[in-house]
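**Q** Got a structure for you, questions after.
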Amino acid sequence: MRSNDRWTLVLLAPVFLLLTAIIFLPEIWAGWISFTNYRLGDPSRFIGFANFEYFLTDPRFWNALRVNVIFVIAVVTIQMVVGLAIALFLAQMKSPLRFLWIAMVLAPMAVSPAVSSVIWRYLFDANIGPLNYFLEQMGFERMQWLTGVTTAMISVIIVEVWLAIPHVVLFVYPARITFPQDLYEAAEVDGATAWQKFRYITFPLLRPAFLLALVFRVIITIRAFGVVWLLTKGGPGRSTELLAIYMFKEGFENWRFGSAAAIAWAMLIITILISSYMIYRMYQNAFVKQRKDA
């Protein structure tokens, strides 16, 4: 091994140790207790796959999985479309106020999820919330935003999208402003429409950045917890109970930590499978297909 390689390993060692301490060791411990009947204060014993059998036969798990799928599809689809549109709009702006608009778009990133949830709870309040006030002014009835089965899901989707759009813009906007203007000028000479320029120039060049943002947003949204918990706690009923909330209730309300650990590992496996497939497809589209075309 060369001297430079040894120094590289020495310098990277603290990072690997930190990752091992805060990620891998807790995961291994959670993996172990998922095969036990672990409860605080009680002696635990090995019970095999009983915890996995328990949640796989629990209707609440399948309800949480269904809610999670709906939530992920809705949130990721909206945030990717809106984030792409905002990034393209900002990239084409010629106004000196463009950087002010960029700062406004990125503003939700400066607000913690807890503070955001408090703000949005006030906006959604059925009695004093501004949203219901404006609805009344337009002649509509007040809505129970956070206590209706359908409106609660719509509300948490709105908040999650609002928080996540800046992340999509941060991926797409820097990629868009690096495109050579000559391509668009040549397309205009050939009589290309705005849609044709987007379809044949902009989006193909944006695809790697867009797909990378998509992978990250899917991974993060699958394990969403904080905003939904602070807004609805999974209610009304179980209409907004995501997998992470179901896991939290199993562990910290029902005190079944073994079962909660098993659910956490199931979520990890689901995330790995989905993200691995998406990364494979991204690699195929971004690199293998380009090589074949070349």
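The values are calculated or read from the model by the stated rules, or taken from the named source; none is laboratory data. On a predicted model such as this, the values are computed, not experimentally measured, just so you know. Positions of Cβ are generated from backbone atoms using ideal geometry, with glycine treated the same way; all protein chains shown enter the neighbour counts.
**Q** Give, as residue ranges, the helices (runs of 4 or more DSSP H) completely inside region 1-73 that count at least 2 residues that are modelled with pLDDT of 80 or more, under 25 Å from the mean Cα position of the chain (by Cα) and under 30 Å from GLY235 (Cβ atoms).
**A** Details: elements: 3-19, 25-33, 50-56.
Hits in region 1-73: 25-33, 50-56.
**Q** Restricting attention to region 74-84, and to residues there that are in contact (Cβ under 8 Å) with a residue 12 or more places away in the chain and within 14 Å of the chain's Cα centre (by Cα), which single residue is farthest from PRO236 (Cα to Cα)? I'd like the intermediate steps shown before the answer.
**A** Kept after step one, since they are in contact (Cβ under 8 Å) with a residue 12 or more places away in the chain, are these residues of region 74-84: 74-76, 78-80, 82-84.
Then drop every residue that is not within 14 Å of the chain's Cα centre (by Cα), which leaves 74-76, 78-80, 83.
On the way: ALA74: 19, VAL75: 19, VAL76: 23, ILE78: 23, GLN79: 25, MET80: 28, GLY83: 30 Å.
Checked region 74-84; the qualifying residue farthest from PRO236 (Cα to Cα) is GLY83.
**Q** Sticking with this one: Return yes when ALA107 is out of contact with any His (no Cβ under 8 Å at 6 or more places or on another chain), touching a residue at least 40 places away in the same chain (Cβ under 8 Å) and more than 27 Å from MET247 (Cα to Cα) and no when it is not.
**A** Working: out of contact with any His (no Cβ under 8 Å at 6 or more places or on another chain): yes; touching a residue at least 40 places away in the same chain (Cβ under 8 Å): yes; more than 27 Å from MET247 (Cα to Cα): yes.
Judged against the criteria, ALA107 is a match.
**Q** Quick one: in region 75-112, of everything that is in contact with a Leu (Cβ under 7 Å, 6 or more places away or on another chain) and over 20 Å from ALA213 (Cα atoms), which residue is modelled with the lowest pLDDT?
**A** Step by step, filter region 75-112, then rank; the result is ARG98.
**Q** Here's another thing I want to ask about it. I need a count of the residues in region 95-133 that are part of a loop (DSSP other than H, G, I, E, B), surrounded by fewer than 16 Cβ atoms within 10 Å (Cβ to Cβ) and of a type in the set (Gly, Ala, Ser).
**A** Looking only at that region, the number is 3.
**Q** Can you run down the residue pairs with Cβ atoms below 7 Å, 6 or more apart or on separate chains, where the first is in region 186-203 and more than 18 Å from ALA85 (Cβ to Cβ) and the partner is of a type outside the set (S, T, N, Q) and part of a helix (DSSP H, G or I)?
**A** So the pair list comes out as ALA187/LYS197; ALA187/ILE201.
**Q** Go through region 245-266 and give me each residue that's of a type in the set (A, V, I, L, M), in contact (Cβ under 8 Å) with a residue 40 or more places away in the chain, within 21 Å of PHE71 (Cβ to Cβ) and crowded, with 20+ Cβ neighbours inside 10 Å. Step through it out loud before you land on a result.
**A** First, pick out the residues of region 245-266 that are of a type in the set (A, V, I, L, M): 245, 247, 260-264, 266.
Subsequent filtering for residues that are in contact (Cβ under 8 Å) with a residue 40 or more places away in the chain retains 245, 261-264, 266.
Those left that are additionally within 21 Å of PHE71 (Cβ to Cβ): 245, 263-264, 266.
Across region 245-266, the qualifying residues are ILE245, ILE263, ALA264.
**Q** Quick one: how many residues across region 204-238 are touching a residue at least 24 places away in the same chain (Cβ under 8 Å), closer than 13 Å to ASN68 by Cα and either touching a Ser or Thr at 6+ places or on another chain (Cβ under 7 Å) or surrounded by fewer than 19 Cβ atoms within 10 Å (Cβ to Cβ) (or both)?
**A** The number of residues fulfilling the criteria is 7.
**Q** Among the numbered criteria (1) of a type in the set (Gly, Ala, Ser); (2) under 28 Å from THR150 (Cα atoms); (3) at pLDDT below 90; (4) assigned to a helix (DSSP H, G or I), which single criterion is violated by ALA286?
**A** Of (1) of a type in the set (Gly, Ala, Ser); (2) under 28 Å from THR150 (Cα atoms); (3) at pLDDT below 90; (4) assigned to a helix (DSSP H, G or I), only one is false for ALA286: (2).
**Q** List the helices (runs of 4 or more DSSP H) that sit entirely inside region 138-248 and contain at least 2 residues that are over 25 Å from PHE55 (Cα atoms).
**A** On the way: elements: 149-176, 181-189, 194-197, 203-222, 226-232.
The qualifying helices (runs of 4 or more DSSP H) are 149-176, 181-189, 194-197, 203-222.
**Q** Additional query: Tally up the residues in region 134-143 that are in contact with a helix residue (DSSP H, G or I) (Cβ under 8 Å, 6 or more places away or on another chain) and either under 30 Å from LEU88 (Cβ atoms) or crowded, with 16+ Cβ neighbours inside 10 Å (or both), please. Walk me through how you get there before you give the answer.
**A** As a first pass, look at region 134-143 and keep what is in contact with a helix residue (DSSP H, G or I) (Cβ under 8 Å, 6 or more places away or on another chain): 141-143.
With either under 30 Å from LEU88 (Cβ atoms) or crowded, with 16+ Cβ neighbours inside 10 Å (or both) added as a condition, the list becomes 143.
Within region 134-143, residues that are in contact with a helix residue (DSSP H, G or I) (Cβ under 8 Å, 6 or more places away or on another chain) and either under 30 Å from LEU88 (Cβ atoms) or crowded, with 16+ Cβ neighbours inside 10 Å (or both) number 1.
**Q** Could you tell me whether region 20-38 includes any residue that is more than 18 Å from ALA266 (Cβ to Cβ), without any contact (Cβ under 8 Å) to a residue 24 or more places away in the chain and either of a type in the set (S, T, N, Q) or surrounded by 15 or more Cβ atoms within 10 Å (Cβ to Cβ) (or both)?
**A** yes
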